[in-house]
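For reference, the structure is listed below as structure tokens.
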Amino acid sequence: MTDPTSIRVVIADDEPDVRLMLRYGLEIDEMSVVAEAADGAEAIERLEETGADAIVLDLLMPGTNGFEAIPEIRRRFPLVGIVAYSAVAGDFVRSEMRRMEIPLVLKQSDTARLADALREACARRRALHEANPDA
Amino acid sequence: MGDPELSLEQVDALRRRILNVVGHELRTPITALTGLARRLGDASELQIRTEIGPALVRLAERTEALLDDMLIASGISTATPPEGIRRARVSDTVGLAWSSLAEQTVGRVLRFDTNHDEPEVAAGDESVLRCLTHLFRNALAYGTGPIEVTITADDEVVRCAVRNEAVGPKPDEEGLIFEPFFRGEHAVTRSPGMGVGLTVARTVARAVGGDVTMRRDDEQQVVFELSLPRA
């Protein structure tokens, strides 16, 4: 049975097998995967439907990619913790994530680091909101 | 690539770009494969049978195909399917190539008249399948709308034209699209890929005396054509 206090996560990645791997891995790391999405637009819909606490967001996706989804997610769901999850961590990706203040986790088989990043991202969003509730 | 006057710096930059692309493409399936393998100890028999097991097979096959593609695109001829004396009918392979792309074909339409009786080609099923799979993957990734396949033949050659609505390469990119590890500007931020699909299709086709070429039709839509010698 899912722990009601566990972080509720949306997984957004265009690769079904990556989503499968993340679902298994994050649930072992005591997270609750509440929805999946194959692109950025779908991810925003799933956040709307589920009221999730956090999102794992692949950057390179067809349709609306992760870079494009981030500002919309920030605007509509300011409390949602976003973690960028990518197989690419070149200079452009790193600088963009720094500029957007989004933690970046490189795709790897062990999801513990991703889970830690999600917890930290959620905590930061809550702290920011408490400090500036009208922002 | 192939420019004899590349400086050492340019060669090094090219090497880094290729390794970056290849590394990126291999990382995704290998990460998922390893991550799922880690779960085997905790998973139920049902989970293994219905989800994890099939995913592991898909990912392993995908990694194997990526490796073959990389070697073929790099000109390593040992990775090109051996042919011997083999014959295939292109129309028999169209459906197989389309269905092999599974998730990518969801919501997409293939228009192909299955009542074909064109002559056999002097190539095996594996080569024809590999060429068609890459042409379809390319059409799916970079175009919209239905993908139209037309097969024609003359006394010497069987031609399979793959057409779909696509932005297509920019004029200054057209000469590069068959270069290994090249991806057009439109492609880079939208979709994954090593940029070797068209290279592989052409390399495999040429290995059996055929070719893959690109042209634009009367409506300026992109058409890729696989031509293979008749058996």
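Let me make sure I get this right: for chain B, a, b and c are the square roots of the gyration tensor eigenvalues over alpha carbons, sorted descending. Under 1.5 in a/c it's rounded, otherwise prolate if a/b > b/c, else oblate. Which is it?
Verdict is oblate for chain B.
Taking only the C-alpha atoms, wrap a convex hull around the range A:18-110 and report its volume per residue in Å³ as a whole number.
Normalising the Cα hull of the range A:18-110 by residue number yields 92 Å³.
If you take every residue apart from A:L106 with its C-beta less than 9 Å away from the C-beta of A:L106, what net charge results, scoring Lys and Arg +1 and Asp and Glu -1?
+3
Report, please, the projected area of the range B:38-152 averaged over directions, based on the convex hull of its C-alpha atoms, in nm². Let's see the in-between values first.
On the way: hull surface 40.5 nm².
Answer in nm², one decimal: 10.1.
Relative contact order of chain A, please, whole-number percent, based on alpha carbon pairs below 8 angstrom and at least 6 residues apart. Walk me through the numbers before you get to the answer.
Working: 224 pairs, mean separation 30.8, N = 135.
The normalised contact order for chain A reaches 23 percent.
Okay, helix-only estimate at 222 nm for chain A: each DSSP H run of n ≥ 4 adds -39500 (n - 2.57), divide by all residues, round to 500 deg cm²/dmol; what do you get?
Helix-only estimate at 222 nm: -15500 deg cm²/dmol.
What does the charge count near A:A12 come to, summing +1 for each Lys or Arg and -1 for each Asp or Glu among other residues with Cβ under 9 Å from its Cβ?
Around A:A12, the surrounding residues sum to -4.
Evaluate the Debye formula for the range A:75-128 with equal point scatterers sitting on the alpha carbons, no solvent, and hand back log10 of I(q)/I(0) at q = 0.13 Å⁻¹, in q order, two decimals.
-0.33
Beyond 21 Å, what share of the Cα-Cα pairs of the range B:86-155 remains, rounded to the nearest whole percent?
Roughly 23 percent, once rounded to a whole number.
With the contact rule set at Cα under 8 Å and sequence spacing of 6 or more, what percent relative contact order holds for chain B?
It comes to 20 percent, rounded to a whole number.
By counting other Cβ atoms within 10 Å of each Cβ, how are B:E219, A:E27 ranked from fewest to most?
Details: B:E219 8, A:E27 18.
Listing B:E219, A:E27 from fewest to most nearby Cβ atoms yields B:E219, A:E27.
Rank these for me by crowding, B:T213, B:T50, going from fewest to most other beta carbons within 10 Å.
Details: B:T213 14, B:T50 11.
Going from least to most buried by this count: B:T50, B:T213.
Compute for the protein assembly as shown: radius of gyration divided by Kirkwood radius, i.e. Rg/Rh, restricted to C-alpha atoms, rounded to two decimals.
Radius of gyration over Kirkwood radius for the protein assembly as shown works out to 1.02.
Bear in mind these aren't lab numbers, they're just calculated from the coordinates by the rules spelled out. The structure displayed is predicted, hence computed values, not measured ones. Note that we place each Cβ from the backbone using ideal geometry, even for glycine, and neighbour counts take in every protein chain shown.
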